[in-house]
Amino acid sequence: MPGLAHSVTFTATMPGRTWKLCLLLLLGLGLGSQEALPPPCESEIYCHGELLHQVQMAKLYQDDKQFVDMPLSIAPEQVLQTFTELSRDHNHSIPREQLQAFVQEHFQAKGQELQPWTPADWKDSPQFLQKISDAKLRVWAGQLHQLWKKLGKKMKPEVLSHPERFSLIYSEHPFIVPGGRFVEFYYWDSYWVMEGLLLSEMAETVKGMLQNFLDLVKTYGHVPNGGRVYYLQRSQPPLLTLMMDCYLTHTNDTTFLQENIETLALELDFWTKNRTVSVSLEGKNYLLNRYYVPYGGPRPESYSKDAELADTLPEGDREALWAELKAGAESGWDFSSRWLIGGPNPNSLSGIRTSKLVPVDLNAFLCQAEELMSKFYSRLGNDSQATKYRTLRAQRLAALNAVLWDEETGAWFDYDLENKKKNQEFYPSNLTPLWAGCFSDPGVADKALKYLEDSRILTYQYGIPTSLQKTGQQWDSPNAWAPLQDLVIRGLAKAPLPRAQEVAFQLAQNWIRTNFDVYSQKSAMYEKYDISNGGQPGGGGEYEVQEGFGWTNGVVLMLLDRYGDRLTSGAQLAFLEPHCLAATLLPSLLFSLLSR
């Protein structure tokens with residue numbers, strides 16, 4: 001593959017395509033060749049083909065996702081036949097009005113396949129609300145608890161009886177969606193949603209959502225990015241094992257673990273077989289993981305944007321671009337300067353190179369999963385499997401230290417496979433190993449705190465920025481995202497240092513105030529926040545900021561549960577400069593000592 005000087009272990013998950021992809025890899029043709037890569041799914045309506053192309057390029061809808069989420073009114077074969085005849089009659093360029101009429105006749109409105117669902121285990125007053133001292137925050141937490149009912153969805157029976165008419169992948173159990181344009185479940189979003197649900201004492205809802213994911217692994221070998229067929233060939237940050245651990249912590253349901261432990265192992269195998277890369281440093285080879293989706297064509301849910309972006313490149317580079325965009329979507333960070341830096345055009349999405357980087361967060365998530373799997377197998381009395389995962393974790397820890405850790409800076413950094421160096425830009429993901437407990441030096445928390453000070457991150461009053469780059473992409477400055485706040489806050493909170501714990505609390509206070517203030521103004525929660533000017537709903541990227549919002553709610557509830565006796569809804573307190581940090585923390589430390 002062009003520029004790929006590292007061994008890659010890859011097996012396609014699409015039947016009948018494995019030999020072609022293996023041949024491409026062996027011949028070194030790769031993503032930049034004229035050879036078309038396989039589509040993200042077989043559907044000639046929802047994933048590839050002339051119908052999808054004409055409808056999406058006509059821009060009948062403001063958001064490309066709307067069309068590919070619309071169910072069919074009749075069998076796909078009949079829809080395709082009618083379309084083929086219509087297209088032939090118009091020399092493969094159907095006028096917009098007739099195309100609109102065709103869609104209205106053959107498709108149903110988006111969302112028809114789902115129905116509202118109120119979780120049976122929802123209750124009025126979960127216990128954690130009583131831990132919140134500030135009356136306004138307590139009322140707010142109660143309102144967020146109410147949102148689970150608004151975000152609950154259940155699939156209609158026809159999704160099971162006629163799956164070919166839907167882009168939605170059937171799931172037996174009801175679930176919580178993020179909100180807004182996202183009316184299906186998403187993989188990594190669901191982890192923070194589940195954390196919030198467990199605080200709301202909704203373990204049965206969580207078990208159902210977990211079972212849906214486990215069923216997907218049994219069927220496809222991995223958890224797709226989200227619950228649509230066009231997401232099938234890409235995953236998202238692998239947090240399924242952690243979801244199981246959270247559920248077990250709340251329920252002690254060892255039987256459920258016993259029934260599904262092999263499925264958890266199967267999901268980790270997917271990442272080993274399909275997303276492993278070897279990095280050579282100082283004569284040693286280290287196996288780590290990356291995001292990598294060698295499937296062709298524009299993303300169906302962003303088809304026109306991907307097609308227009310590809311038009312700016314030479315024809316032979318288009319398949320490579322589309323594969324890299326899908327890898328960026330698999331990362332969950334779609335999109336960010338993180339995937340642009342180091343390439344020929346770091347200021348444009350056309351220069352995206354996600355698969356050329358070894359990400360800190362992905363490897364920390366897998367390191368944590370390996371540790372949990374070892375713990376799970378020990379709990380079930382399977383010592384040989386427990387040893388296997390303990391060994392895998394030790395190997396990954398050595399690779400994290402050798403390839404991604406930077407002792408001088410005190411943080412971990414994504415590794416650029418092509419340029420053979422670390423990307424030293426600031427991203428909250430740089431501290432994910434602290435959150436995941438994947439480090440061997442007990443002094444890393446102190447170093448991480450100094451890294452945050454040196455990067456001037458502690459001067460931000462309204463939340464931790466996603467990056468310090470302003471690219472217009474949504475996973476960059478000035479946006480802040482709930483899961484990234486959690487990575488840093490809980491990473492620091494786990495440290496034994498009182499100073500690190502106090503900074504974690506102040507970061508939590510900042511984020512709570514931002515969310516609370518925006519909610520007070522807008523009566524809504526958002527997927528991201530603009531922290532450049534007092535905290536507002538975020539922007540940038542490919543679509544308008546969405547209300548809901550599953551993981552934002554979950555993180556707020558987690559912080560209110562952890563710090564509810566101290567958090568306040570009052571005026572925002574700015575951070576002082578790092579050299580004054582000790583003075584800022586001293587009153588809180590004295591108070592905590594005196595109140596013991």
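Taken together, the values in this text are just the output of simple stated rules run on the coordinates, not laboratory data. The structure presented is a predicted model; accordingly, all values stated were derived computationally and were not measured. Glycine gets a Cβ as well: all are built from the backbone with ideal geometry, and neighbour counts include every protein chain shown.
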Query raised in the report: Quick one: putting +1 on the C-beta of Lys and Arg, -1 on the C-beta of Asp and Glu, what dipole do you get for the chain around its Cα centre, in Debye to the nearest 20?
Result: 1200
Query raised in the report: At a Förster distance of 60 Å, what's the computed FRET efficiency of residue 118 paired with residue 406, Cβ-Cβ distance as r, to 0.05?
Result: 0.75
Report summary line: So the FRET efficiency between residue 450 and residue 380, C-beta based with R0 = 56 Å and rounded to 0.05, is 0.85
Query raised in the report: So what is the relative contact order for region 302-365, in percent, with contacts set as C-alpha pairs under 8 Å and at least six apart?
Result: 28
Report summary line: Least to most buried among 175, 83, by other C-beta atoms within 10 Å and fewest first, runs 83, 175
Requested in this report: Could you tell me the distance between the Cα centroids of region 341-358 and region 217-283, to the nearest Å?
Outcome: 27
Query - Pair residue 74, residue 461: separation of 7 Å Cα→Cβ label points (nm) - result: 6.2
Report summary line: Exposure-ranked with fewest Cβ neighbours within 10 Å first, 176, 74, 464, 132 stand as 74, 132, 464, 176
Query raised in the report: So how much slack lies between residue 311 and residue 569, counting 0.36 nm per residue of separation and subtracting their Cα-Cα distance, in nm?
Result: 87.9 nm
Requested in this report: Give the relative contact order (percent, whole number) for region 496-576; include only Cα pairs under 8 Å separated by 6+ residues.
Outcome: 30
Report summary line: To the nearest 0.05, the calculated FRET efficiency linking residue 66 and residue 523 through their beta-carbon distance, R0 being 30 Å, is 0.75
**Report entry** Sparse-neighbourhood loop sites, GluC sites (Glu not before Pro) in region 228-335 - DSSP loop, at most 11 other Cβ within 10 angstrom
**Finding:** 282
Query raised in the report: Just how large is the dipole of region 61-206 about the Cα centre, in debye to the nearest 20, putting +1 at every Lys and Arg Cβ and -1 at every Asp and Glu Cβ?
Result: 600
**Report entry** P(r), alpha carbons of the chain - 10 Å bins starting at zero, rounded %
**Finding:** 3, 17, 27, 28, 17, 6, 1, 0, 0
Query raised in the report: What is the distance, in nm, between label points placed 7 Å from the Cα along the Cα-to-Cβ direction at residue 262 and at residue 533?
Result: 5.8
Report summary line: Ranked on Cβ counts within 10 Å of their own Cβ, fewest leading, 337, 477 go 477, 337
Report summary line: region 57-97 scanned against label point 7 Å out from residue 50 along Cα→C-beta; backbone N under 16 Å for 57-58, 77-96
Report summary line: Once residue 251 and residue 419 are pulled to full extension, the length gained, defined as 0.36 nm per residue separation minus their Cα-Cα distance, is 55.8 nm
Report summary line: Here the relative contact order (percent) of the chain, from C-alpha pairs under 8 Å and at least 6 apart, is 15
Report summary line: Once Lys and Arg are counted +1 and Asp and Glu -1 for all other residues with Cβ under 12 Å from that of residue 244, the total becomes -1
Report task. Identify, among 546, 511, 268, the residue whose Cα sits farthest towards the positive end of the charge dipole of the chain, taking +1 on the Cβ of Lys and Arg and -1 on the Cβ of Asp and Glu, with the dipole about the Cα centre. Result -> 511
Requested in this report: Can you pull the one-decimal nm distance between simple spin-label points at residue 84 and residue 146, each 7 Å off the Cα toward Cβ?
Outcome: 5.4
Report task. Enter the angle in degrees (range 0 to 90, nearest 10) between the Cα long axis of helix 383-399 and the first principal axis of the Cα atoms of the chain, meaning the one along which they spread out most. Result -> 90
